[in-house]
1. Quick one: order GLU181, GLU336 by neighbouring beta-carbon count within 10 Å, fewest to most.
2. How much length would be gained if the chain were fully extended between ARG117 and ASP338, taking 0.36 nm per residue of separation minus their Cα-Cα distance, in nm to one decimal?
3. Which value in deg cm²/dmol, rounded to the nearest 500, describes the helix-derived mean residue ellipticity at 222 nm for the chain, given -39,500 (n - 2.57) per DSSP H run of n ≥ 4 and division by the residue count?
4. Would you kindly derive the ³J(HN,Hα) couplings of the range 51-57 from the backbone phi angles with the Karplus curve 6.51 cos²θ - 1.76 cosθ + 1.60 (θ = phi - 60°), listing them in order in whole Hz, with x for Gly and Pro?
5. Each label point is 7 Å from the Cα along the Cα-to-Cβ direction; what then is the distance between the points at LEU85 and ARG70, in nm?
6. Output wanted: per-residue J couplings in Hz (rounded whole) for the range 192-206, from phi through Karplus 6.51 cos²θ - 1.76 cosθ + 1.60, θ = phi - 60°, x for Gly and Pro.
7. Quote to one decimal, in nm, the extra length available between ARG155 and SER17 on full extension: 0.36 nm per residue of separation minus the C-alpha distance between them.
8. For the range 165-222 and the range 85-114, what is the centre-to-centre distance using only Cα atoms, to the nearest Å?
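Every number here is computed from the coordinates shown, using simple stated rules; none is lab data. All figures in this text were calculated on a predicted structure; none of them were measured in a lab. Heads up, the Cβs are rebuilt from the backbone with ideal geometry, glycines too, and the neighbour counts pull from every protein chain shown.
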Amino acid sequence: MLAAAAAPAPKLHAGTSIPLTQGELEEHWVVSGCKARLQDGVLELLEGNGLVRTHHAYRDFVLRLQWKPRRKAKYDSGIYFRAPLPPRGRPWPAGYQINLLQGREGQVGGLPGAKARPDLIAPGRWNQLELVVQGDRATLKINGQLAWNVQGLKRPWGYVGLQAEVPGGGPFAFRNVEIVELDHQPLLGREGFLQHWEPADPRRGECWKMDGPLLLCTGKRGTWLRSRKQYADFNLRLQYRLQPGGNSGVYLRVPRSGAHRGKSLGEPDAGVEIQILDDASPRYKNLKPYQYSASLYAIAPARPRVSHPAGKWNSLEIDCRGTRYRIWHNGQLVVEADARTHPELAQRRLEGYLGLQNHHEPVWFRQVRIGPPLPP
C-alpha cells in the first residue's frame with residue numbers, strides 16, 4: 001500500500017482552478033455546527049464542533065492551502081477529502097482526514113503509509129499543504145517537501161472539509177485555499193467566451209460580453225448563448241449573480257433551435273431548462289413550485305430553496321446521466337429526478353447543446369466548467 005518515498009508524483013492534467021478564500025464565505029462553503037468567518041482572504045474556525053465544507057464534491061483534484069493554529073500548543077483540527085456528508089446528529093464525516101493535531105500533522109487514519117515526519121512542520125508559522133488525489137492514489141506535500149505518496153483510496157469522490165474542533169483544539173486559520181478540478185474543463189477562458197459559446201442568432205449577440213473575468217448578459221434584447229459543442233452525460237458547474245428581480249436560465253441538451261419547453265407546449269424535440277431567478281423579488285410573489293431558482297423548469301421543483309439574495313453569488317451544479325438529473329444549489333442537493341419519478345423526462349432529449357438564457361435581465365456568470373457525470 002505504501003509507495004517508496006522516491007516514487008514520482010502523478011502526472012497532472014489541465015483542469016479548472018477555483019479559489020476558495022476569495023469573496024464571501026457562502027460563495028464556496030457550507031458551514032454546519034460551528035462558527036466561521038472569511039475576512040481579508042483568511043478563513044477562520046472560531047467556535048464549536050462542526051464542519052466547513054465545499055459546495056461541490058470532487059474526484060480527482062489538487063488542493064493547495066496554508067494553515068495555522070491560533071493556539072501555540074495542544075491544537076487540533078483536520079482537513080477532510082473525498083468525504084461524505086456527516087451522519088445526522090454528528091459534527092464530522094467518516095471520511096479521509098489529514099490530521100492537524102499537534103504532533104500528528106499530516107497523518108491520515110485508515111490509510112496505511114499516510115504519515116508525515118514531524119520536522120516538516122514549522123511551529124507557529126503558516127504551513128503550506130498540497131494534496132493531489134487521482135484515482136486510488138493520494139500524494140501530500142508539506143512546506144514543499146514530500147510527506148507521503150500512497151495508494152489504497154476506497155471512496156471515489158466526496159467533499160473537501162475543514163474540521164472545527166475549537167473547544168478541544170482551539171481556533172484555526174486557513175488562507176490561499178485553492179482547488180484544481182482535474183476532471184473539469186473551463187468553458188470561460190482567457191480568450192473570452194467565443195471559444196466555447198456562440199450567439200444563437202449572430203445578428204443579435206451584442207447583449208453578451210466579458211466584464212473582466214465575468215460573462216455578462218447586459219439585459220438588452222438579443223439572443224441566447226449556445227455552446228459550440230453538444231453534450232450527453234455531464235457535470236456542469238457555475239456561479240451566477242442577479243440584480244433585484246433578475247431572471248435567467250441554463251438550457252441543457254437542447255436542439256440548435258434552443259427548444260426547452262417540451263411536447264405539451266409545442267416543442268416535441270426539446271431539452272430542459274434550469275431556472276435562475278431572484279426568488280425574493282416582489283415581482284415573483286405568485287410563483288409555482290417549479291419556478292423557483294435551481295428548479296428543473298416545469299418538471300421538478302427545487303427543495304429546499306436556498307437562493308442567496310440578489311447581488312450575491314450563487315453556485316449551481318447540474319449532473320446529467322441518462323434521464324437522471326441531480327441539481328445542487330449553493331452546496332445543497334435540491335433536485336433529484338428521473339423518468340421514473342417524473343415521466344416528462346422520458347420525452348426530453350438525451351444529448352444536445354448547453355445554453356445561457358437572455359431574459360432581458362442583467363446576469364453575470366463565472367467559473368463555468370464541465371466534466372464527466374458523478375458516479376450514480
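1. If I rank by nearby Cβ atoms, fewest first, I get GLU336, GLU181.
2. Additional length available on full extension: 74.7 nm.
3. 0 deg cm²/dmol
4. Rounded to whole hertz, the list is 9, 10, 10, 6, 5, 10, 9.
5. 2.9 nm
6. Taking θ as phi minus 60°, the curve returns x, 9, 6, 5, 10, 10, 8, x, 4, 10, x, 7, 10, x, 5 Hz for the range 192-206.
7. Computed gain between ARG155 and SER17 is 47.4 nm.
8. 32 Å
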